[in-house]
Structure formats: C-alpha cells, structure tokens
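Engineer: Here it is, the structure in full.
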Amino acid sequence: MTTRVLIVEDDIDIRGILARGLEAEGFSVGVAGRVEDALSAARDDAPEAVVLDITLPDGSGHDVCRSLREGGYPGAILFLSARDEVRDRAEGLALGADDYIVKPFVFDELLARLQTHLLRRREADTPRTVFTAGRLTLDVTIRQVSFGEASARLTPREAELLALLMQEVNRPISRGEIFDRLWASQGGLSLNVVDVYVGYLRSKLSDFVRLGGPVIVTVRGKGFMLDLRGQDFRH
C-alpha cells in the first residue's frame, strides 16, 4: 500500500521539489499552501505524515500542528522551516512534531528522517507499551500518564522522556545520555533542549506532585532523576 504524505508549503518551488522527490521514492503526495487547506487535506486524505512549513499566508504551521494533535492525528509531523533558533525548534517539538528540519535542506536527509519517523509510528501500532513506577502509570502509545485518579496527556517527546526516566527510577540520568537517546538524530540541537523538556514534563506532572506523586529532581553534576522517595537532591 502506497504511503501518503501531505506537504504544507506556500513556496511553489520548494513544494514542487518535495512533491517530485517523494513521488520518485514511491510516495503518494498531497499538497497544500494554506492552513485551512492543510487541515482539510489532513482530515479528508488521512496522510501518514505531514511535512509542514511554519510561515503560511493565512496563519502558522504551529496552528496546523496544534490542531492536528489536539484532534488526535496519529501520523508523523515534520517541520521544515527557515527559522533556525533553538527556541523555534523547541516550540515546534513541544506542539507535538516528531522532527524539525531547517531550510535550506538536503532532500536525502529529509527523506531519511521521514522514513525513520514513519517506521517508528508503525511500530507504535503494536500493542500498548505501559510503564509503571509506584502509582505512576504511563501509556506511551496514547501518551497518557496517570497517578491515581488524575491524568495528563503528553506530547510524543514528553512521553519518551518520561518513559526513559521511569525505566531508571531513583537513578540519575545525565543530560548527555538523555540527549543521545532522544535527540541525537536531530542535527543542530543543543543539550539545552533536555532542560526545556524536563521543564515541560515537570509542569505536566505538577498536579501529581501535589497529590504525593513522584518528582523529577535535578541531581547536581549527574543529571535528572524520577524520585519516588520524596527526597530533593538539588541542595
């Protein structure tokens, strides 16, 4: 069965390069140049992946990504943008994108990343993977974490980070190890992205902490740790 990819790009030349390149690789390609058209195409054509520019005539690719994820879109989303600041990449990933590629880009690299994320998504269609740590439960397939009766939804990257911490409960994991396992394949990012996502995850888990749930602590000189014992190693 042919894999369908939606390209959301208002630059006709770039859109054409992407469409021709992906079609040559055997993909079925749909195109859109506006937010409204992108959301309509994603709804009607059910693509397995969306390659998404940020700057669009009637809005932002961020709006498209947010709407798709809030609507339960299960496919891969890859931002393709000339914005190259770390904060731009972090914002895009925080909205639920799987990857962020900076223009100008090399088509072969984009293709390799796209294929990697498609494979990862397909593997995620296997039975749910559930992690537990004390009373904390994470279902990485639906990206939902719960503690007792309370629950919260996570972005794909937040879920991967929490799963990593839950597999090493009460053991600190260095920034470098976290970065290598979650972000090493995405060129241009710095170790700071780890701190950014730990901050996002702490915010999502804050209600659980108030209920006596585990805490993500910073262990000086060693990294981050999911602490089930209630100790604070930051001092």
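The values are calculated or read from the model by the stated rules, or taken from the named source; none is laboratory data. The structure displayed is predicted, hence computed values, not measured ones. Counting neighbours? That spans all protein chains shown, and the Cβs are built from the backbone with ideal geometry, glycine included. Accessible surface areas use protein heavy atoms only, side chains included; no ligands, DNA or RNA. Shrake-Rupley method; radii C 1.70, N 1.55, O 1.52, S 1.80 Å.
Engineer: Would you check if LEU78 is assigned to a helix (DSSP H, G or I) and either open to solvent by less than 20 Å² (accessible area, probe 1.4 Å) or closer than 20 Å to GLN115 by Cβ (or both)? Walk me through how you get there before you give the answer.
Structural biologist: Values: assigned to a helix (DSSP H, G or I): no; either open to solvent by less than 20 Å² (accessible area, probe 1.4 Å) or closer than 20 Å to GLN115 by Cβ (or both): yes.
For LEU78, the condition - assigned to a helix (DSSP H, G or I) and either open to solvent by less than 20 Å² (accessible area, probe 1.4 Å) or closer than 20 Å to GLN115 by Cβ (or both) - is not met.
Engineer: Let me ask something else. Does the range 137-150 hold any residues that are part of a strand (DSSP E or B) and in contact with a helix residue (DSSP H, G or I) (Cβ under 7 Å, 6 or more places away or on another chain), and which are they? So that I can check it myself, show each step before the final result.
Structural biologist: Taking the range 137-150 first, the residues part of a strand (DSSP E or B) are 137-139, 144-147, 150.
Hits for the range 137-150 are LEU138, VAL145, PHE147, ALA150.
Engineer: Which count do you get for residues in the range 195-216 that are open to solvent by 50 Å² or more (accessible area, probe 1.4 Å) and not in a helix (DSSP H, G or I)? Before you say what the answer is, go through the steps one by one.
Structural biologist: Restricting attention to the range 195-216, the residues satisfying the condition of being open to solvent by 50 Å² or more (accessible area, probe 1.4 Å) are 195, 200, 202-204, 207, 209-212.
Retained after the next criterion (residues that are not in a helix (DSSP H, G or I)): 211-212.
Here the count works out to 2.
Engineer: Does any residue of the range 127-135 turn out to be within 20 Å of GLU70 (Cα to Cα) and open to solvent by less than 60 Å² (accessible area, probe 1.4 Å)?
Structural biologist: no
Engineer: Another question about this same structure. Tell me which residues, restricted to the range 43-75, are small (Gly, Ala, Ser) and open to solvent by less than 10 Å² (accessible area, probe 1.4 Å).
Structural biologist: Going residue by residue through the range 43-75, those that are small (Gly, Ala, Ser) are 46, 49, 59-61, 67, 71-72, 75.
Scanning the range 43-75 gives ALA49, GLY61, GLY75.
Engineer: Which members of the range 155-194 meet the condition of being touching a residue at least 40 places away in the same chain (Cβ under 8 Å), in a helix (DSSP H, G or I) and of a type in the set (Asp, Glu)?
Structural biologist: GLU158, GLU177
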